[in-house]
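This report concerns only the one structure given below.
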Ligand SMILES: Nc1ncnc2c1ncn2[C@@H]1O[C@H](COP(=O)(O)OP(=O)(O)OP(=O)(O)O)[C@@H](O)[C@H]1O
Ligand SMILES: [Mg+2]
């Protein structure tokens, strides 16, 4: 029995509810987006211009082009690259996440469309998986996706996508005049939007645990109920931010780095998020088949 199997079994015995790990190895605009509390394009441009004039160091960006060629070079999913290994693997991963996100009625998962990607330790592949998952869901016309960089201490989503840093999550939490719609970046992938981490703040953990953050998450989950929201997050063991975030998410994807993360680390991380009953393990960077690439994805099954 592998390390992950043992950890997951233990967790399952304790809780009896862990979701089986995921196998790794145009949408119309959300109807909610046109609701009355969304400002018009003209108003939005005005707010953005005023903000950027006042804050030359903290720019607000309405629209940006993801460097898709660079992403492709990094082995990540891009539109129109249908048959890559990554595309196939993430197709499998997203299926149950999407299903869970939209269960209606008695079995509905609270905030099921809010999906956090985390890991036990740094560098296991959270950002890689979060972007691939977001891109897979967005480009296969399943749903509109909002990719949130919630790794506020060490944000890397914008950099990985080849974009400049911008105002985002931390700024909305700190400035009540800023609205989510002001700081979300539209991209050249029509169905994908990005909420950057924003300006770094020494009280980031407290801000993530704040009432303002709970309200924002409620707003995101309810304002855009047919949108999948993926949160790239910090690792669980060295930070408290990840635990705070996990407590407010509908589903969690926990990335486990093949042949590196110890059983102890996986167990400890699972213990920290055991109040969430929808946890999926993704086995990342598994050695692929002989002759294949050095990276791959694997699930615990
Ligand atoms: N399956 C994979 N195949 C190829 N490269 C990968 C894979 N997963 C991760 N990587 C690479 O490993 C490195 C670390 O990945 P990534 O930045 O996604 O980790 P992270 O968990 O987000 O790190 P941090 O804790 O610093 O935020 C990156 O260079 C990334 O491109
Ligand atoms: Mg990261």
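Here are a few things to note about the model shown:
- The relative contact order of the range 202-296 comes to 24 percent, based on Cα pairs under 8 Å that sit 6 or more residues apart.
- Value of relative contact order over the range 119-189, rounded to a whole percent, pairs C-alpha under 8 Å and six or more apart: 21
- With one equal scatterer per alpha carbon and no solvent term, the Debye-computed log10 I(q)/I(0) for the range 38-133 at 0.13, 0.22 1/Å reads -0.78, -1.06.
- Protection proxy ranking, peptides 59-69, 253-263, average beta carbon neighbours within 10 Å, highest first: 253-263, 59-69
- Ordering of 221-227, 117-123, 105-111 by packing [mean C-beta count within 10 Å, highest first]: 117-123, 221-227, 105-111
- Expressed to the nearest 5 percent, the antiparallel share of DSSP beta bridges inside the range 185-284 is 25 percent.
- Percentage relative contact order, the range 34-175, counting C-alpha pairs under 8 Å, at least six apart: 26
Every number in this text was worked out from the coordinates using simple rules, so none of it is lab data. All figures in this text were calculated on a predicted structure; none of them were measured in a lab. Please note: Cβ atoms are built from the backbone with ideal geometry, for glycine as well, and neighbour counts cover all protein chains shown.
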